[in-house]
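Have a look at the structure below before the remarks.
The values are calculated or read from the model by the stated rules, or taken from the named source; none is laboratory data. This structure is a prediction, so every number in the text was calculated from the model and none was measured. All Cβ positions, even for glycine, are placed from backbone atoms using ideal geometry, and neighbour counts span all protein chains on display. Surface areas here come from the heavy atoms of the whole protein model, side chains and all, with no ligands, DNA or RNA. Shrake-Rupley method; radii C 1.70, N 1.55, O 1.52, S 1.80 Å.
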Amino acid sequence: MITIAGVVFSMTIVSLQLASAQFGPRLLRTFLRDRGNQVVLGTFVGTFLFCILVLPSIDTTGESSFVPHIAVTTAVLLAVVSLGMLVYFIDHVAQSIHADAVIHSVGCELDQTIDQLFPETIGEGDSDQADAESVETAGAPVVLHARCAGYLRFVNGDAILAVACEHDLVVRVEMYPGRYVFDNDPIASVWPEASLSEDAAKKIVAAFVLGAHRTTLQDATFAFEQLAEMAVRALSQGINDPTTAIHCIDRMGSGLLRLVNRELPSGLRRDGEGVVRILAEPLGLVQILEGGFEPIARCAGTQLPVWLRLLHVLEVACDRARRANDRTLLRDQASRLAQRARAALEHEHDHKRLAAAVSWTSA
């Protein structure tokens, strides 16, 4: 059993190496967190450990020999189950390192992040701007600084709100999930100074969770960037796989449609009495376009199908966007992509198809 477990671990390491080379090292966490891999490895190690624990109790020497028949039968059943898990694992690894499977996994994670950060009903309207300006002009704030360096993974808004309500404070978030925070960087501004105690300041700083790498817990741009990284690698000269790049663009388009069709959350959080306690700028479409679509456009080169799919995704998103500002941003992005495509493509036929694909920007 321990030999088979070693084979399973070796297969896992090989699949991780292949995935790292083809899809990028940041996608390794998708394989490491795969529930199927964890169950298979746990089954083999558990079976081995069970056999090791049962083995000392077996005594066949002397007249008072003892064989735990139930335990031995259980070990045999576990061995049969482990054999079935091995067959499952071989098929599962072959499927999990497929490009479409990786794209689907990251795409599902993107959809979950958008659903969490941008629910169907959220936000308080444009009247929040006046409240934000009135708070920010109410004296000089106390700036709180990070105590270590790392990527901001999570901001515990509930903990900040509780501290703000308890001490009658207003907190403005200066750093957002996904940003790299240097040591002693400002992460929050607090009003008024007289109400801020040392204990309250420690609790607010502790609400900003830092780590060695980014996650999609509160960072929707990270999932877009992962798909963009896969597309960029697929368009490289060493791989030259535009089909995978197009599939990544399709999944990014699905997330983009989900985003532009949702109400943006309010930049303010209030207590039970309606008093503003937290100010934070919500994620905008500009960051998504810059982090997701721009890198692919820089590497698309003479791949006309990639250019056409990028423009098609932006067109569909523009048609379904509920905010006029988002539609303007999408049209501007499509116009810039069309200019780059014209400079990269040489054939007149390609220019005609490109012109037809971008005609919606002038409508």
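What does the convex hull of the Cα atoms come to per residue for segment 244-363, in Å³?
105 Å³
Could you let me know the centre-to-centre spacing of segment 254-317 and segment 161-192, using Cα atoms, in angstrom?
When both Cα centres are located, 24 Å separates them.
So how much accessible area does Thr216 have, in Å² to the nearest 10, using a 1.4 Å probe?
Approximately 10 Å² of Thr216 is accessible to the 1.4 Å probe.
Can you tell me the accessible area per residue over the chain, all protein chains present, probe 1.4 angstrom, in square angstrom? Don't jump to the answer; show the numbers that get you there.
Working: 18710 Å² over 363 residues.
Value returned for the chain: 52 Å² of accessible area per residue.
Using 0.36 nm times the number of residues separating Ser10 and Arg322, minus their current alpha carbon distance, what extension gain do you get?
Between Ser10 and Arg322, full extension yields an extra 107.3 nm.
In segment 228-286, carbon and sulfur make up what percent of the accessible area (probe 1.4 Å)?
C and S fraction of accessible area: 47 percent.
When the Karplus curve 6.51 cos²θ - 1.76 cosθ + 1.60 is applied with θ = phi - 60°, which whole-Hz ³J(HN,Hα) does each residue of segment 4-10 get, with x for Gly and Pro?
5, 4, x, 4, 5, 4, 5
Convert each backbone phi in segment 173-186 into a coupling constant with the Karplus relation 6.51 cos²θ - 1.76 cosθ + 1.60 (shift: θ = phi - 60°), then list the ³J(HN,Hα) values in order as whole Hz, x for Gly and Pro.
Here the 3J(HN,Hα) series is 6, 9, 10, 10, x, x, 7, 8, 9, 7, 4, 6, 6, x Hz.
Relative contact order of the chain: what whole-number percent is it, with Cα pairs under 8 angstrom and at least 6 residues apart?
16 percent
Among Leu78, Ala164, Leu210, pick out the residue whose Cα is farthest towards the positive end of the charge dipole of the chain, where Lys and Arg carry +1 and Asp and Glu carry -1 on C-beta, about the Cα centre.
Farthest along the dipole direction, towards plus: Leu78.
Within the chain, which is the longest segment that contains none of the GluC sites (Glu not before Pro) sitting in a DSSP loop with at most 11 other Cβ atoms within 10 Å?
Details: sites that count: Glu63, Glu120, Glu273, Glu346.
Here the longest segment lacking exposed loop sites spans 121-272.
How large is the accessible surface of Asp59 in square angstrom, using a 1.4 angstrom probe and rounding to the nearest 10?
Taking all protein chains as shown, Asp59 has close to 60 Å².
Rounded to the nearest 10 Å², what accessible area does Ile13 have for a 1.4 Å probe in the complete protein model?
100 Å²
Show Val8, Val76 ordered by accessible area, largest first, where the area counts protein heavy atoms only and the probe is 1.4 Å. Don't jump to the answer; show the numbers that get you there.
Numbers: Val8 0, Val76 85 Å².
Putting Val8, Val76 in descending order of accessible area: Val76, Val8.
Measuring from the lowest to the highest alpha carbon on each principal axis, how far does segment 192-308 reach, largest first, in angstroms?
In descending order, the Cα extents are 61, 32, 18 Å.
What translational D, rounded to a whole number of µm²/s, comes out for the chain from Stokes-Einstein when the hydrodynamic radius is the Kirkwood one over Cα pairs, at 10 °C and 1.306 mPa s?
On the way: Rh = 24.4 Å.
D, rounded to a whole number, is 65 µm²/s.
In what sequence, largest accessible area first, do Ile239, Ile70 appear using a 1.4 Å probe?
Reading off the accessible areas and sorting them downward yields Ile70, Ile239.
Checking the a/c ratio against 1.5 first, then a/b against b/c, what shape does the Cα gyration tensor give for segment 219-287?
prolate
Over segment 133-218, what relative contact order in percent results from Cα pairs under 8 Å that are six or more residues apart?
The normalised contact order for segment 133-218 reaches 45 percent.
For helix 242-260, what angle does its Cα long axis make with the longest principal axis of the chain, in degrees from 0 to 90 and rounded to 10?
60 degrees
Compute log10 of I(q)/I(0) for segment 176-239 with the Debye formula, placing one identical point scatterer on every Cα and leaving out solvent, at q = 0.12, 0.19, 0.21 Å⁻¹, to two decimals.
-0.50, -0.85, -0.94
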